1. Would you check which residues across the range 59-91 are part of a helix (DSSP H, G or I) and open to solvent by 50 Å² or more (accessible area, probe 1.4 Å) and list them?
2. Going by the structure shown, is V103 in a loop (DSSP other than H, G, I, E, B) and either at pLDDT 85 or above or surrounded by 18 or more Cβ atoms within 10 Å (Cβ to Cβ) (or both)?
3. So, in the range 64-84, exactly how many residues are closer than 29 Å to P107 by Cβ and of a type outside the set (A, V, I, L, M, F, W, C)?
4. Residue by residue through the range 31-77, note down the ones that are among the polar types (S, T, N, Q) and at pLDDT 90 or above.
5. Using the structure shown, decide if S22 is modelled with pLDDT of 85 or more and open to solvent by less than 40 Å² (accessible area, probe 1.4 Å).
6. Among the residues of the range 4-29, which ones are of a type in the set (D, E) and closer than 16 Å to S69 by Cα?
7. Can you pull out every residue in the range 91-115 that is in contact with a Phe, Trp or Tyr (Cβ under 9 Å, 6 or more places away or on another chain) and of a type in the set (A, V, I, L, M, F, W, C)?
Amino acid sequence: RDISFEFHKDGYDVIHRYSKKSFEIKPGAKIPKTICFDDLGAEENLKHFGNECNALSEIVLSRYDLFISDGLITHMTTNLNASEIEKQYGARVRSRLREMMNVVSFPDNAADKRK
């Protein structure tokens with residue numbers, strides 16, 4: 001949700017902040033910064049100067065390209081299943097997430113560790 005609010009305030013620079021700018025540049029080295037996005041699916045599409053965008057969807061697609069080219073690692077948590085991810089973000093994002101992620105799922109009757 002915070003990323004959506006950042007997009008509303010800062011616009012498309014937010015997508016670059018969490019994708020193309022996710023590297024630490026040192027002399028002779030481009031070191032990827034690993035990021036964890038918590039609770040995928042809890043955010044909303046927000047507008048920046050009238051342009052509506054699902055910022056996290058765009059970030060996932062950008063990070064996928066960087067995963068392929070530079071080994072950029074991304075972690076995510078979500079309560080959505082694969083079909084819900086596809087419904088909210090589309091088949092392309094679902095496909096990219098399948099390739100980028102190691103999925104750890106829990107049965108519906110698993111105890112909630114937050115309690």
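The values are calculated or read from the model by the stated rules, or taken from the named source; none is laboratory data. This structure is a prediction, so every number in the text was calculated from the model and none was measured. With ideal geometry, Cβ positions are generated from the backbone for all residues, glycine too; neighbour counts draw on all protein chains shown. Just the protein is used for accessible areas: all its heavy atoms, side chains included, with ligands, DNA and RNA removed. Shrake-Rupley method; radii C 1.70, N 1.55, O 1.52, S 1.80 Å.
1. D65, F67, I68, S69, D70, S83, E84, E86, K87, Q88, A91
2. Yes; evaluated as a whole, the condition is true for this residue.
3. Here the count works out to 9.
4. Passing the criteria: S62, S69, T74, T77.
5. yes
6. E24, the sole residue that qualifies.
7. V93, L97, M100, listed by residue number.
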